[in-house]
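The values are calculated or read from the model by the stated rules, or taken from the named source; none is laboratory data. Only a predicted model underlies this, so the values are computations on that prediction, with no experimental measurement involved. Counting neighbours? That spans all protein chains shown, and the Cβs are built from the backbone with ideal geometry, glycine included. Ligands, DNA and RNA are excluded from the accessible area calculation, which covers all protein heavy atoms including side chains. Shrake-Rupley method; radii C 1.70, N 1.55, O 1.52, S 1.80 Å.
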Amino acid sequence: MLKSILKNLSNIPGWRTNRKIVIIESDDWGSIRMPSNFVRETLETKYVSMGDQERQRYTKYDTLANETDFEALYKTLTQFKDINGKYPVFTAVSVVANPDFDKIKEANFEKYFYEPFNTTLERYGHKNTFKMWQEGKAQNLFVPQFHGREHLNVLVWMRQLRAKESSTMEAFKLNCWGFENKNKFNIDYQAAFDLELPSDVVDQKTVIQKGLEMFEQIHGYKADFFVPPNGPFNNKLEMTAALSGIKYMSTSKIQSEPQGQGIQKKRLHYLGQKNASGQLYITRNCFFEPSAPGKDWVSSCMNDIENAFKWGKPAVISSHRVNFIGGIVENNRTNSLAALTTLLTQIQTHWPNVEFMTSSDLGDVITKSRK
């Protein structure tokens with residue numbers, strides 16, 4: 001009952017529309033996460049923690065997407081068209097780089113090196129997979145946007161490597177950082193823009209600048225939508241992103257803004273809110289994570305969408321890459337795509353006038369509605 005009340009309250013503030021708009025935001029594309037099942041099992045023998053059930057969903061299933069993953073995803077999406085004749089589209093929130101483990105080791109952990117994610121794909125034997133990214137963009141099925149340079153807090157990770165923290169070192173040997181790490185301020189390595197020290201924000205500005213430059217070099221266009229990994233993000237970085245072309249920022253409705261040394265400030269946000277850098281905030285209000293056990297995700301997401309539409313809001317669905325990856329466990333992809341098929345079928349049945357679009361499209365719609 002309380003969850004239902006909070007869900008309704010959270011959808012009241014912000015921009016409204018009578019249109020039945022559905023956005024699917026899918027995070028984490030391009031990042032290594034778990035290289036293989038062998039790596040995971042090896043780390044467990046070294047007593048490296050894989051975390052709680054939710055985190056283990058990622059360490060068990062989530063890895064680089066291969067050609068088969070993309071083929072199966074596109075086959076699913078192209079079964080449907082909206083009132084405008086458009087397919088459902090993934091806003092593929094993606095990173096552009098991964099650590100270059102060999103060079104970091106050669107430098108004795110004194111300097112950080114990274115490689116473009118399409119180089120990582122080739123390193124892992126996915127030589128033709130980047131073509132699938134390009135095909136998805138060309139068909140407006142899979143449109144990359146910015147998640148950061150890496151899905152990694154470089155400064156925190158490198159400090160732990162130099163300190164020779166045991167689990168971090170064991171994972172490094174296997175080209176991995178996605179385990180449950182421990183440190184003084186409980187900063188997850190996955191949280192690229194969390195702050196251990198207030199001064200870390202200076203390096204993070206460079207990460208954003210370089211990352212957005214790489215994004216344009218790799219994809220051939222500028223990103224204009226940014227979802228900081230795992231959420232933590234100091235708002236001083238918004239101007240850096242804005243100067244590099246980011247018009248729309250994803251944020252939690254209740255943001256915990258890191259200040260460094262474990263200090264957080266709470267900020268309240270809503271859909272269409274404008275920040276000091278002139279960017280619009282886009283907030284999520286629907287969740288679809290079918291690889292997580294113990295829940296009817298189709299029914300749950302349908303309820304989220306119905307609630308969003310009731311309050312005149314677009315349905316902005318969060319659905320991470322992990323759901324659609326079959327490289328480690330094939331049934332993970334198969335089962336999740338079956339659930340996605342059911343979800344899209346029910347959406348079209350309940351709302352025949354549905355419109356599918358990307359997060360950037362939504363930002364543009366909001367912007368134009370205010371002119």
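Among the residues making up the range 174-191, those that are within 24 Å of residue 259 (Cα to Cα) and open to solvent by 10 Å² or more (accessible area, probe 1.4 Å) are 180, 181, 182, 183, 184, 185, 186, 188. Of the residues making up the range 116-132, those that are within 19 Å of the chain's Cα centre (by Cα) and open to solvent by 10 Å² or more (accessible area, probe 1.4 Å) are 116, 118, 130, 132. With the condition kept exactly as written, say whether any residue in the range 23-36 is open to solvent by 60 Å² or more (accessible area, probe 1.4 Å), more than 20 Å from residue 319 (Cβ to Cβ) and of a type outside the set (Val, Ile, Thr). No. The C-beta contact set for the range 285-310 (first residue more than 17 Å from residue 321 (Cα to Cα) and assigned to a helix (DSSP H, G or I), second residue open to solvent by 50 Å² or more (accessible area, probe 1.4 Å) and at pLDDT below 95, distance under 8 angstrom, 6+ apart or interchain) comprises 304/7; 307/7.
Checked against (1) outside any helix (DSSP H, G or I); (2) hydrophobic (A, V, I, L, M, F, W, C); (3) open to solvent by less than 10 Å² (accessible area, probe 1.4 Å), residue 80 meets all criteria but (3). If you go through the range 259-279 one residue at a time, do you hit one that is crowded, with 21+ Cβ neighbours inside 10 Å and not in a loop (DSSP other than H, G, I, E, B)? No, the range 259-279 has no match at all. Residues that are open to solvent by 10 Å² or more (accessible area, probe 1.4 Å), in contact with a Phe, Trp or Tyr (Cβ under 8 Å, 6 or more places away or on another chain) and among the hydrophobic types (A, V, I, L, M, F, W, C) within the range 326-355 comprise 328, 329, 337, 339, 351, listed in sequence order. Among the residues of the range 328-371, those identified as part of a loop (DSSP other than H, G, I, E, B) and either modelled with pLDDT of 95 or more or within 22 Å of residue 64 (Cα to Cα) (or both) are 328, 329, 351, 352, 353, 354, 357, 358.
Counting the residues of the range 219-236 that are over 18 Å from the mean Cα position of the chain (by Cα) and crowded, with 20+ Cβ neighbours inside 10 Å gives 0. Only one of the listed residues (291, 244) is under 24 Å from residue 72 (Cβ atoms) and out of contact with any Pro (no Cβ under 7 Å at 6 or more places or on another chain). That residue is 291. Which one is most open to solvent (accessible area, probe 1.4 Å), of the residues in the range 141-173 that are touching a residue at least 60 places away in the same chain (Cβ under 8 Å) and more than 18 Å from the chain's Cα centre (by Cα)? Taking the candidates together, the pick is 170. Annotation: residue 361 fulfils all but one of (1) open to solvent by 10 Å² or more (accessible area, probe 1.4 Å); (2) out of contact with any Lys or Arg (no Cβ under 6 Å at 6 or more places or on another chain); (3) closer than 24 Å to residue 9 by Cα; (4) not aliphatic (A, V, I, L, M); the unmet one is (3).
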